[in-house]
Structures are given as C-alpha cells and as structure tokens.
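Visitor: Structure in structure tokens, see below.
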Amino acid sequence: MKASFKNNNQIAIILCTYNGAQYLSEQLESIIKQTFSNWTLYIRDDGSTDNTIEIIHNYLLLDNRIIFCEKLEKHIGPQKGFIGMLECVESELYMFCDQDDVWLPTKIQLSVDVYNDIYVKNPCKPIVVHTDVAVVDENLAVLESSHWLSCRLNPDELKNYNYLAICCYTQGNTMLFNNEAKKISFPYSGEFMHDWWISTRVIKSKGIIKSIYIPTLLYRQHSNNVLGFKYGNSNRIFYKILNITNVINDNLEFYKNIRKDNYGSVLKFVWYKIRLLIKRYSKVDKIGIL
C-alpha cells in the first residue's frame, strides 16, 4: 500500500482507538503536553460505539498536529490497525500509542535524544529505541514502578533473535523507530503483533535495538484492556502454576507461530525458554534485581 499521509513533522505517532472514551482524553492531554513538540498524531478508530469519536473531534479543534484518519476499514483489531496505519504514513520517525495510557512529559524527548546519538554513528541502519514502563491501575495508582524490574528482565542480555522472539521486551507503546526499520517490516506477516514483528525484523537485519532503563509512560491496567498483561511477578508465577496445562498449550501455539518465522526446532525453543528463566532468576542484574 502506498503511503497516504506524508508527515511534515519529525515523528508520526500512531494511535488506534476502540471504545476508549473513558481514558482517551488523559492520553491525548499527555501527548499534547510533551516537552518535544515536533510530532503529528495520526488516529484511526476501529468502529467505536461510545463517544470516542466525539472526543477525537474535540481535540482536532484544539491542536492542528492531530489528524483523524476516518475513512479506513473498521473492526480489524489493534494488530492490523497499527500495522495498517504504519504503512499509510510516511515519516522520519514513528511511535505507537495506546488509547488508555498516560505519557510522562519527557517520553518523546528522551527517546529522540538516545536515537540521535545512535543515528549519528549509524545513519543507514534500522533503529528501535524502547523504554521501561510503570504499570498502574485504572486510577493511575502504581502497581509496578518498573515493569522490567518486576519481571526480572534485563533487555541488554537478550539482544539476539533467539531471545527476542520468545520474550518480546520491546513493548509497542514505548518504541521509537526510524523509516529504515519500517521499510524492512513490510511485507507484514499477519500472525504476529506489530511490536514483535518490527523488532524481530530489525534484529534479523542486524539493526540496532536500544533499551532505556527508565519508565516513560503509565501503562494502565483495567478490565477493558485490549492489550495488557498480568501484573506482579508473584502473580505471574502463581497464575502459571495453577494453569500449567494452559501455559503449556499457549507455548506450543506460540511456537507454531514463530516456527513460521524460521525460528528452528521445538528443542531450540525449549532450550532458550530455559536459558531465559535462568537469566531472569539466577543473578543480580543491572536494574537492581534481588
């Protein structure tokens, strides 16, 4: 698909909405209040039946950097929604945005500064910069001040395809990536989430993924999350023990998908799963675990 929107600002922020009226205004306000201002926000809606559309139209009047892409296919889900919008927009840099988060004021500036330092030495490489998040409840009370710390994740130890494919630490709503990273992400295979697909394409092409060990957004967890996860490290372990059959089946289904991306044998998959567990639970790492 040929790009339909040429972004004249440095960053294209892609936001997909669906019945997000309850929290959307807070998210839009947090973007408008960013210390970095050279962005355009492109919004696509997936067929909302609440007053999401009304909220979007109100903000169109408040800030001319916001563009509502109305005449697009509906009810395609966030996975195809984000990738479809990415394909439609041409920009120097890109970011994804969830409808119910809150961006901290320096989120964009921090990522851009790190990106610029990398780009100076690697002007032709695909580059992804991503950050940690703070997990909050629906009222923004903090559940995890650092998601990576809570999950015992050290992304700098996992900078190869074998780990990234089974543990995608590059969360879409924290990513900033360049047009080179976009180009190698098409054609898109529909089996995978947008953040997983882009990040693994970058790793496979010997591009650069840079992890910033600072939370840059409040990742809201609530009953209507379209995308989310179980918070609390002990909660995850307890959940997996109680639901071991489902966990095994989920992992087998996931392996069937990544096998389509030429991951390798099921023995390799299990081996790297075990190595990942050892890395997460056997030692103190750079973000102060244990």
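The values are calculated or read from the model by the stated rules, or taken from the named source; none is laboratory data. Computed from a prediction, not measured in an experiment: that's the story for all the values here. Using ideal geometry, Cβ is built from the backbone for each residue, glycine included, and neighbour counts are taken over all protein chains shown.
Visitor: For region 33-58, how many residues meet the condition of being under 25 Å from L110 (Cα atoms), touching a helix residue (DSSP H, G or I) at 6+ places or on another chain (Cβ under 8 Å) and surrounded by 13 or more Cβ atoms within 10 Å (Cβ to Cβ)? Let's see the steps before the verdict.
Guide: Applying the first criterion (under 25 Å from L110 (Cα atoms)) to region 33-58 yields 33-43.
Remaining after also requiring touching a helix residue (DSSP H, G or I) at 6+ places or on another chain (Cβ under 8 Å): 34-36, 39, 41-43.
From what is left, the residues that are surrounded by 13 or more Cβ atoms within 10 Å (Cβ to Cβ) are 34, 36, 39, 41-43.
Of the residues in that region, 6 qualify.
Visitor: Now for a separate question. Please pick out the residue among E92, E87, E73 that is out of contact with any Cys (no Cβ under 6 Å at 6 or more places or on another chain), at negative phi and without any contact (Cβ under 8 Å) to a residue 40 or more places away in the chain.
Guide: Working: E92 fails: without any contact (Cβ under 8 Å) to a residue 40 or more places away in the chain; E87 fails: without any contact (Cβ under 8 Å) to a residue 40 or more places away in the chain.
Going through E92, E87, E73 in turn, just one is out of contact with any Cys (no Cβ under 6 Å at 6 or more places or on another chain), at negative phi and without any contact (Cβ under 8 Å) to a residue 40 or more places away in the chain: E73.
Visitor: Follow-up question, since we're still on this one. So is L61 surrounded by 15 or more Cβ atoms within 10 Å (Cβ to Cβ) and modelled with pLDDT of 95 or more or not? Let's see the steps before the verdict.
Guide: Numbers: surrounded by 15 or more Cβ atoms within 10 Å (Cβ to Cβ): no; modelled with pLDDT of 95 or more: yes.
Here the answer is no, as L61 does not meet what is asked.
Visitor: Within region 112-119, identify whether any single residue is of a type outside the set (K, R), more than 14 Å from I11 (Cβ to Cβ) and free of Cβ contacts under 8 Å to residues at least 24 places away in the same chain, and answer yes or no.
Guide: Taking region 112-119 and keeping what is of a type outside the set (K, R), we get 112-119.
With more than 14 Å from I11 (Cβ to Cβ) added as a condition, the list becomes 117-118.
This time we only want the ones that are free of Cβ contacts under 8 Å to residues at least 24 places away in the same chain, so: 117.
Scanning region 112-119, I find at least one residue that is of a type outside the set (K, R), more than 14 Å from I11 (Cβ to Cβ) and free of Cβ contacts under 8 Å to residues at least 24 places away in the same chain, so the answer is yes.
Visitor: Hey, another quick one. Determine which member of the set S205, S185, S199 is in contact with a strand residue (DSSP E or B) (Cβ under 7 Å, 6 or more places away or on another chain) and small (G, A, S).
Guide: Details: S205 fails: in contact with a strand residue (DSSP E or B) (Cβ under 7 Å, 6 or more places away or on another chain); S185 fails: in contact with a strand residue (DSSP E or B) (Cβ under 7 Å, 6 or more places away or on another chain).
Answer to the selection: S199.
Visitor: Looking at region 28-49, I want the residues that are small (G, A, S) and have a partner that is surrounded by fewer than 22 Cβ atoms within 10 Å (Cβ to Cβ) and outside any strand (DSSP E or B) with Cβ atoms under 6 Å, at least 6 apart or on another chain. Which pairs are those?
Guide: Final answer for the pair search is G47/K74; G47/H75; S48/Y18; S48/N19.
The rows are residues; the columns are (1) aliphatic (A, V, I, L, M); (2) touching a helix residue (DSSP H, G or I) at 6+ places or on another chain (Cβ under 8 Å); (3) farther than 30 Å from N19 by Cβ.
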{"site": "M85", "(1), (2), (3)": "yes, no, no"}
{"site": "N122", "(1), (2), (3)": "no, no, yes"}
{"site": "V129", "(1), (2), (3)": "yes, yes, yes"}
{"site": "I166", "(1), (2), (3)": "yes, yes, yes"}
{"site": "G172", "(1), (2), (3)": "no, yes, no"}
{"site": "N178", "(1), (2), (3)": "no, yes, yes"}
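Visitor: The conditions are (1) in contact with a helix residue (DSSP H, G or I) (Cβ under 8 Å, 6 or more places away or on another chain); (2) within 27 Å of V133 (Cα to Cα); (3) loosely packed, with under 15 Cβ neighbours inside 10 Å; (4) at pLDDT 95 or above, and K240 fails exactly one of them. Which is it?
Guide: That leaves (4) as the condition not met.
Visitor: Here are some conditions: (1) in contact with a helix residue (DSSP H, G or I) (Cβ under 8 Å, 6 or more places away or on another chain); (2) modelled with pLDDT of 95 or more. E26 meets all but one. Which one does it not meet?
Guide: So E26 meets the others, but not (1).
Visitor: If you take the residues in region 262-280 that are loosely packed, with under 11 Cβ neighbours inside 10 Å and part of a helix (DSSP H, G or I), which one is farthest from the chain's Cα centre (by Cα)? Quick ask: steps written out before the conclusion?
Guide: Initial filter on region 262-280 (loosely packed, with under 11 Cβ neighbours inside 10 Å): 262, 265, 267, 274, 278.
The next check asks that each one be part of a helix (DSSP H, G or I); those that pass are 267, 274, 278.
Numbers: L267: 28, I274: 25, I278: 25 Å.
In this case the residue turns out to be L267.
Visitor: Looking at region 193-230, which of the residues that are among the charged types (D, E, K, R) and either modelled with pLDDT under 95 or in a strand (DSSP E or B) (or both) is nearest to E157 (Cα to Cα)? Even if it seems obvious, please write down each step before you answer.
Guide: We begin by selecting, within region 193-230, every residue among the charged types (D, E, K, R); these are 195, 201, 204, 206, 210, 220, 230.
Next cut, either modelled with pLDDT under 95 or in a strand (DSSP E or B) (or both) only: 210, 220, 230.
On the way: K210: 12, R220: 27, K230: 23 Å.
Across region 193-230, the extreme among qualifying residues is K210.
Visitor: Among the listed residues E29, E70, E54, identify the single one that is in contact with an Asp or Glu (Cβ under 8 Å, 6 or more places away or on another chain) and among the acidic types (D, E).
Guide: Details: E29 fails: in contact with an Asp or Glu (Cβ under 8 Å, 6 or more places away or on another chain); E54 fails: in contact with an Asp or Glu (Cβ under 8 Å, 6 or more places away or on another chain).
From the options E29, E70, E54, the qualifying one is E70.
Visitor: Next question. Between a first residue in region 243-259 that is farther than 14 Å from A165 by Cα and a second residue that is at pLDDT below 95, which pairs have beta carbons less than 6 Å apart while being 6 or more apart in sequence or on different chains?
Guide: V247/K240
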